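What follows is a single structure, written as structure tokens, with notes after it.
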Amino acid sequence: MIAETFLSQQKGLLSSEKCNIIFQNLLSFFPIFDINPNAYEQIVANLQFDKKRVGANYNFTLLSDIGVAEINQQVEKEEIFKALVFCFETLKERKK
């Protein structure tokens, strides 16, 4: 959910302010897990089996507002890596 929120903001669908509200709420209920950055490649590789993937395209459900979903939003592999870095490294540092 955090990665999809980050991607929503990066794609200009969701404001930074609303993004931060979502992050704060999610982090109040769920911890950030420690994941080795070397695992990111495998995480992305596993997305090839995702039911929303069409051909070489990664489709995500992103947010245009709190509680408003936009389905089948195409996301590039590089954007997914940036979202993983944000989730497991940048956001974890902010929370300290």
Filter the stretch 10-46 for residues that are in contact with a Lys or Arg (Cβ under 8 Å, 6 or more places away or on another chain) and not in a loop (DSSP other than H, G, I, E, B); which is farthest from Val85 (Cα to Cα)? Leu27
Looking at the stretch 62-96, which of the residues that are in contact (Cβ under 8 Å) with a residue 12 or more places away in the chain and of a type in the set (Lys, Arg) is farthest from Lys11 (Cα to Cα)? Lys95
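Scan the stretch 47-64 and give yes if some residue there is in a helix (DSSP H, G or I) and either surrounded by 11 or more Cβ atoms within 10 Å (Cβ to Cβ) or touching a Gly at 6+ places or on another chain (Cβ under 6 Å) (or both), otherwise no.
Applying the first criterion (in a helix (DSSP H, G or I)) to the stretch 47-64 yields 47-49.
Now restrict to residues that are either surrounded by 11 or more Cβ atoms within 10 Å (Cβ to Cβ) or touching a Gly at 6+ places or on another chain (Cβ under 6 Å) (or both): 47.
Yes, there is a match, as at least one residue in the stretch 47-64 is in a helix (DSSP H, G or I) and either surrounded by 11 or more Cβ atoms within 10 Å (Cβ to Cβ) or touching a Gly at 6+ places or on another chain (Cβ under 6 Å) (or both).
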Please name all residue pairs, on different chains or six or more residues apart, with Cβ atoms under 6 Å, provided the first residue is in the stretch 36-61 and is modelled with pLDDT of 90 or more and the second residue is assigned to a loop (DSSP other than H, G, I, E, B). Asn59/Lys52
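The values are calculated or read from the model by the stated rules, or taken from the named source; none is laboratory data. No experiment lies behind these values; they were computed from the predicted model shown. Counting neighbours? That spans all protein chains shown, and the Cβs are built from the backbone with ideal geometry, glycine included.
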